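Encoded as structure tokens, the structure appears first; notes follow it.
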Amino acid sequence: MTQTEESELRDTIEQYRNARLTRRDFVQRAAVLGISASVAASILAACGGGGGGGGTTTGEEGQPVQGGVLRMGYDRAFQKLDNVVGPWADEPFTAIYEVPIIRDPGGKFVSSVAEAWEFSSDGLTLSMKIREGLKFHSGAPLTAANVAEDFNIFRTTGVTANFWAPVKNVEEGENNSVVLTLSKTNYGLIETISTLFQSIHNEASRKAAGEGWGATTVDATGPFTLKTFKPASEVVVERWPDYPGSGVPFVTNKGPAYLDSIRWVPILEPANRANEIETGSVDIVKSPAAQDISRLQSNDDLVVLELQELSNYFITIDRTRGALGQPGVAQAMSHAIDRQALVDTVFFGHAVPTYGPIFPAYRWYDPGVEAYNEYDPDKARDLLKSAGLSELRFTLLTQNQPIQVQVLEAVGGMLREVGITMEVKAVEDAAFFPDMFAGKPDAFMFKWLWESPTDNMRFFGRVPSWDYNGNPPKSMAGIDAWESAATEEQLEKACRQVQLAWAEELPFIPLVTQSLVWVHHKRVHNFRPTQTSIYPLFNDVWIEA
Amino acid sequence: MVTPTTGRDLATVGGPGRGPLLEISHLSVRLRMRSGPITVVDDVSLEIGSGEILGLVGESGCGKSMTALAIMRLLPEAAEIAGGSVLLDGEDLVRTKPERMRQIRGAEVAMVFQEPMTSLDPAFTVGHQVVEAVRAHEKVSRAVSLRRAEESFERVGIPKPRERFDAYPHQLSGGLCQRVMLAMALVTSPRLLIADEPTTALDVTIQAQILELIKQLRTELNLSVLWISHDFGVVSEIADRVAVMYAGEIVEIGETSHMLGAPRHRYTRALIDSIPGRGEPRSLLRTIPGQVPDPGARPAGCRFSPRCDAPVSECELIHPELRAERDASSFRCHNPVA
Amino acid sequence: MIRFVLSRGIRAALIFVVASVAVCYGLRVAPGSLADIVTNPLNRAFAVKDLEERLGLDEPVIVQYFVFVRNIMGGDFGVSFISNRSVTEIIATGGLNTLKLGGAAAILTYFISVPLGIMAAARRNSVIDQGSMLIAVLGMAIPNFFLAILLVRLFAVELRWLPAAGQGGIKHLILPAVVLAAEAIAINLRLVRASVLEQLSRDYIRTLRAKGASERRVVWIHAFRNALPPVITFGGVMLRTLLGYTLVVEVIFRYPGLGFELVDSVLKRDYAVAQALALVFIAGVVLFNFLADLGHHLAEPRIRERGAAG
């Protein structure tokens, strides 16, 4: 980038900040300067929204006011707020729980419950210093012993137990620290430890609560306490007045939260999420329907924030099944798919094409993946021909959700162009999961959503099994490299290696990453979702009376 | 007012210096049909004196009921009065305002119908329905209207009226229902009663009782009655005068006894001949061959000519006028019975 | 009358037993189980088995059924696995909300369809008649979820008169109640009109007019009274249909009633809640059928008579 271009970019960013440019204008100008849409999007995210119909940027201005109820419209049906074996970490997690280590907006690992951590020089011991003076909602003090106890639960029965496999032992160390002993180097453990399913809780309370854990009882360390849990209608949390303050460096409020309470309501119908934020029955919604986003952007009372979701839609085909396992078939399918068209038509532009397994806004994203899976129907036909296939027919299983079905309708049309017939069978979740994990369908589509993209590949490489996914040697080698990385540099290298191998071998075929769109009313301040976390923190959020 | 005793007096007018109670002149009723209007009552003129019983006879479909409904202004939606007047004591019912007409209905002109069972509201007790008739016209207390209803029940010969009050129509016999209908019609002391085939649906014994009752009430209340029937036999037992209708028009009118003895119109004679047990003794009842012509396809000449047993040449061509006789009777025939 | 109630009662009980078997069995043979929904894909292999053992889901369906029946007999409807709230409490709060919504819809239905239907019949082919028939056609033709979108768009988003969703005061009830009632209003409108029209052609109407009863009395009291039995009989069917539509309308309007809870619990395979709520809905249907019969029975003097005699 030349000097003039750089200053032009600075001007453009400045204009956007001052709301003289709309988001669309910004991305267009950035494109002229040779900046990819994904980078432009992350710049926008860093600028903190704005750019909507001449409004101001998000309210950093003004003194925070204590009090008020923040009303959140959630896009999913609530599950138990269970940090150990819960099926899903819903939005209230970041209000009531805290994780040991958290990602900052740039993706760096920073302190939260743990104030510092260090691998031994051989990489086989990880010591974590726990902040002093912490306590649980119940009033019980939180010490390294509690954290060690939690870690032992997580690694044996927790959701992420598989990722804890290299950890041999966890015990309380000196000086309020926790010591983890590993059987082999595994720097990636930090990635796992900073996910929501390692949120710290009081195990004694969890034992006492039994089946009520995450529903009637949560005893953790977050700035809010659980008040009401009626999953079909509302989840309410209240400010914890005794909160000792956050250890997260990018949180500015070091005391108890500003908000009196946060009330979540599930708004499952996408069209209703736009309606409800517009009519003011909620203050914030996540993921409005893509076709409503431009309307919301033009509303002066609202701020629309758009990030890349920590997710990816992908298709997996059964390589053990005759024609689907022929070399080149997955690549043929991948070349037949016009991902940009999916973005434009199904997502109204609120998504980005993905040519590798990770979304482009990730800090270690390797653009090298883009060369492997370009839209090229002729190449697709050639590949099918070299595989000796004149036609290919299979049935794909998916969750019965409108967006899934729309994506597959579009993909089906594209595949038909090169002579592949894909029949889609859409079923409800309860029917989808058992079949997917048993490897029953010829193929399936799923969207992963997880804070650690590479952990995700470690997992989905084995779903339903490596055999089903064709035992791709390079991808498996990349996963091995990730699992044994001893330093952050090695981890990054492994991450890039996995991405490129994945793009080449396609254990699953990536499609698109949808935008994570948050819409909040202007009277809500300091609502700052980051590109690196699934949900924002609520410590700094305040609302005008 | 003189209580009329003979048909002779009645054939003229109600009382000295006064017109008849009801005077229908040149009344026409049309049905609006998609193919154009059809005249179902054609230039009908009739008079009913005070305390007189006038019989209106004809086969079904000849316009009797339409005439009655036109008097009440209760014609079905598709029908309308096309001309003429209906003077009740000098007031033209054809032109009177709807609300005034409502006041006249029931209070001055009452009507009973052929099917007593279906003519009462099945969802309300008969007592309620009679009381309702009172209160439609008079602002009286419930107690007063109940007493009036009770009197009316007694008058029409319903024993233990109070016990019947709470009965629903379906719990009463047809004869009793017709008595209830009569009680309801008479409870407001109307001057004219229009009875449209009130006994047709009843068996012979009940029919005789009802006829007797009407005659008695006429005497007691000085009631005028327009008695409509297809059965000349019934009419001959009750009416002072008879008007015979055929195909929408009056074909003969005159004193009952006179007409029975010497009908002039051949249709009248045919009707009289079909009365059971009358005329020449015959094992089989005589019926008139053919049927009443459809209102839209009436013959150009005499409307009865296709069915007539003695047509002459003009019958088919010239529509006969109503000819008045010296005895105040008239008929419409080219070749009358001698 | 007693015999009538008794025979219907026995029938209802039988339907109930059959329904409880069908519900219990149906939920469990449907693909996927509670364990598939409430376990995270990441640790599924381990968690599903553990959960099934803990909740007795690995027992044969017949055993689970008898456990369910035994608990119900003891008045124990169980506890939601997701929320840990007692099912009795869920039924009580959700039921009250659904009752409010359904009640509002039923009131709306009759307050609109009855007067309008009568007026339409009394003034056949007038503007009122044609207008109400247009309402009837639209009400039947527009699917309720689509109507909901239109009304929310207009009255909530554009005009800002009413909230788009949620629960609160009367204002929150209006849109869902209108959507819920739309079809019932349409059907009732036609029914009332047709029934009143039929009565207006009856002989007794002529008698009423002949005795000088006012047109208002003729139409609004006598014709309407006699037009009632089919309307009342349909009332049962209508309430039953309204109950069914709450499943759609409550979800669209995020209204925390029984329909919302039922849909949520079935999708999550929260067996205790789903079973109990399904039975509550079936009880509702049985009850409304009974009320329809009873209403028909009482509205028609002749039938009442026969019932008393027989």
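Structure values in brief
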item	result
Odd one out for C:ALA194 among (1) more than 15 Å from the chain's Cα centre (by Cα); (2) under 23 Å from C:LEU150 (Cα atoms); (3) more than 10 Å from every other protein chain (Cβ to nearest Cβ)	(2)
Index of the failed condition, A:VAL343 passing every other in (1) outside any loop (DSSP other than H, G, I, E, B); (2) over 28 Å from A:VAL519 (Cα atoms); (3) within 21 Å of the chain's Cα centre (by Cα)	(2)
Pair list, Cβ < 6 Å and 6+ apart or interchain, from segment B:134-158 residues that are at positive phi to residues that are modelled with pLDDT of 90 or more and in a helix (DSSP H, G or I)	none
Matching residues, segment A:495-528, being in a loop (DSSP other than H, G, I, E, B) and surrounded by 23 or more Cβ atoms within 10 Å (Cβ to Cβ)	A:LEU506, A:PRO507, A:PHE508, A:LEU511, A:PHE527
Filter result (among the charged types (D, E, K, R) and buried (at least 17 other Cβ atoms within 10 Å of the Cβ)) within segment A:474-491	A:GLU483
Restricting segment A:244-271 to residues that are within 14 Å of chain C (Cβ to nearest Cβ) and closer than 18 Å to A:HIS525 by Cα, the residue that is farthest from the chain's Cα centre (by Cα)	A:ARG263
Residues located in segment B:86-130, provided they are crowded, with 20+ Cβ neighbours inside 10 Å and away from chain C (no Cβ under 11 Å)	B:VAL86, B:LEU88, B:LEU93, B:VAL126, B:GLY127
Criterion: among the β-branched types (Val, Ile, Thr) and at pLDDT below 95 - qualifying residue of A:THR181, A:THR160, A:THR94	A:THR160
Of residues in segment A:104-119 being over 22 Å from A:ASN146 (Cα atoms) and open to solvent by less than 40 Å² (accessible area, probe 1.4 Å), the one modelled with the highest pLDDT	A:ASP104
Some residue of segment C:198-211 being in contact with a His (Cβ under 9 Å, 6 or more places away or on another chain), more than 14 Å from chain B (Cβ to nearest Cβ) and crowded, with 17+ Cβ neighbours inside 10 Å	no
Residues of segment C:125-148 classified as among the β-branched types (Val, Ile, Thr) and touching a residue at least 24 places away in the same chain (Cβ under 8 Å), total	3
Pairs with Cβ under 9 Å, 6+ apart, first in segment A:426-443 and under 12 Å from A:LEU396 (Cβ atoms) and within 11 Å of chain C (Cβ to nearest Cβ), second among the hydroxyl-bearing types (Ser, Thr, Tyr) and surrounded by fewer than 17 Cβ atoms within 10 Å (Cβ to Cβ)	none
Residue match in segment B:90-103 (condition: assigned to a strand (DSSP E or B) and out of contact with any Leu (no Cβ under 9 Å at 6 or more places or on another chain))	yes
Criterion violated by C:GLY94 - all others in (1) of a type outside the set (S, T, N, Q); (2) in a helix (DSSP H, G or I); (3) touching a strand residue (DSSP E or B) at 6+ places or on another chain (Cβ under 9 Å) satisfied	(3)
Any hit, segment B:259-270, residues being more than 17 Å from B:GLU23 (Cα to Cα), of a type in the set (Val, Ile, Thr) and surrounded by fewer than 24 Cβ atoms within 10 Å (Cβ to Cβ)	no
In segment B:62-82, the residues that are among the hydrophobic types (A, V, I, L, M, F, W, C), surrounded by fewer than 21 Cβ atoms within 10 Å (Cβ to Cβ) and farther than 20 Å from B:GLU23 by Cβ	B:ALA78, B:ALA79
Search result, residues across segment C:53-99 that are open to solvent by 40 Å² or more (accessible area, probe 1.4 Å) and either within 14 Å of another protein chain (Cβ to nearest Cβ) or among the hydroxyl-bearing types (Ser, Thr, Tyr) (or both)	C:GLU53, C:ARG54, C:LEU55, C:VAL79, C:ASN84, C:SER86, C:THR88, C:GLU89, C:ALA92, C:THR93, C:LEU96
Verdict on B:ALA201 being among the small types (Gly, Ala, Ser) and crowded, with 22+ Cβ neighbours inside 10 Å	no
Close pairs (9 angstrom Cβ cut-off, 6 or more residues apart or separate chains): free of Cβ contacts under 8 Å to residues at least 12 places away in the same chain and farther than 13 Å from B:ALA201 by Cβ in segment B:164-179, surrounded by fewer than 20 Cβ atoms within 10 Å (Cβ to Cβ) and not polar (S, T, N, Q) anywhere	B:GLN171/C:PRO301; B:GLN171/C:GLU305
Hits in segment C:112-129 (condition: under 15 Å from C:GLU215 (Cβ atoms) and among the charged types (D, E, K, R))	C:ARG123, C:ARG124
Filtered residue count, segment A:389-406, keeping only those that are part of a strand (DSSP E or B) and aliphatic (A, V, I, L, M)	3
Selection count where residues are touching a residue at least 40 places away in the same chain (Cβ under 8 Å) and farther than 21 Å from A:PRO100 by Cβ, scope segment A:253-271	12
Filter result for the condition that a residue is more than 26 Å from the chain's Cα centre (by Cα), under 28 Å from C:PRO229 (Cβ atoms) and either away from every other protein chain (no Cβ under 11 Å) or open to solvent by less than 20 Å² (accessible area, probe 1.4 Å) (or both), over B:ALA167, B:ALA143, B:ALA149, B:ALA133	B:ALA167
Per-region count, segment B:63-93, residues farther than 16 Å from C:ARG209 by Cα and in contact (Cβ under 8 Å) with a residue 24 or more places away in the chain	16
Only one of C:ALA156, C:ALA177, C:ALA106, C:ALA164 that is within 14 Å of chain A (Cβ to nearest Cβ), of a type in the set (Gly, Ala, Ser) and part of a helix (DSSP H, G or I)	C:ALA156
Segment C:10-52, residues that are without any contact (Cβ under 8 Å) to a residue 40 or more places away in the chain and away from chain A (no Cβ under 14 Å)	C:ILE10, C:ARG11, C:ALA13, C:LEU14, C:VAL17, C:VAL18, C:ALA22
Members of segment A:185-216 found to be within 30 Å of A:ALA481 (Cβ to Cβ) and charged (D, E, K, R), listed by number	A:GLU191
Filtered residues of segment A:223-241 (kept if in contact with a strand residue (DSSP E or B) (Cβ under 8 Å, 6 or more places away or on another chain), more than 8 Å from chain C (Cβ to nearest Cβ) and in a loop (DSSP other than H, G, I, E, B))	A:PRO223, A:TRP240
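Rundown of residues vs (1) open to solvent by 10 Å² or more (accessible area, probe 1.4 Å); (2) over 13 Å from A:ILE317 (Cα atoms), yes/no style:
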{"position": "A:MET414", "(1), (2)": "yes, yes"}
{"position": "A:MET422", "(1), (2)": "yes, no"}
{"position": "A:PHE446", "(1), (2)": "yes, no"}
{"position": "A:GLU451", "(1), (2)": "yes, yes"}
{"position": "A:ASP455", "(1), (2)": "no, yes"}
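The values are calculated or read from the model by the stated rules, or taken from the named source; none is laboratory data. The model shown is predicted, which means the values in this text are computed figures rather than measured ones. When we count neighbours, we look across all protein chains shown, and the Cβ atoms used for this are built from the backbone with ideal geometry, even at glycine. For the accessible areas, the whole protein counts, side chains as well, though only heavy atoms, and no ligand, DNA or RNA atoms are used. Shrake-Rupley method; radii C 1.70, N 1.55, O 1.52, S 1.80 Å.
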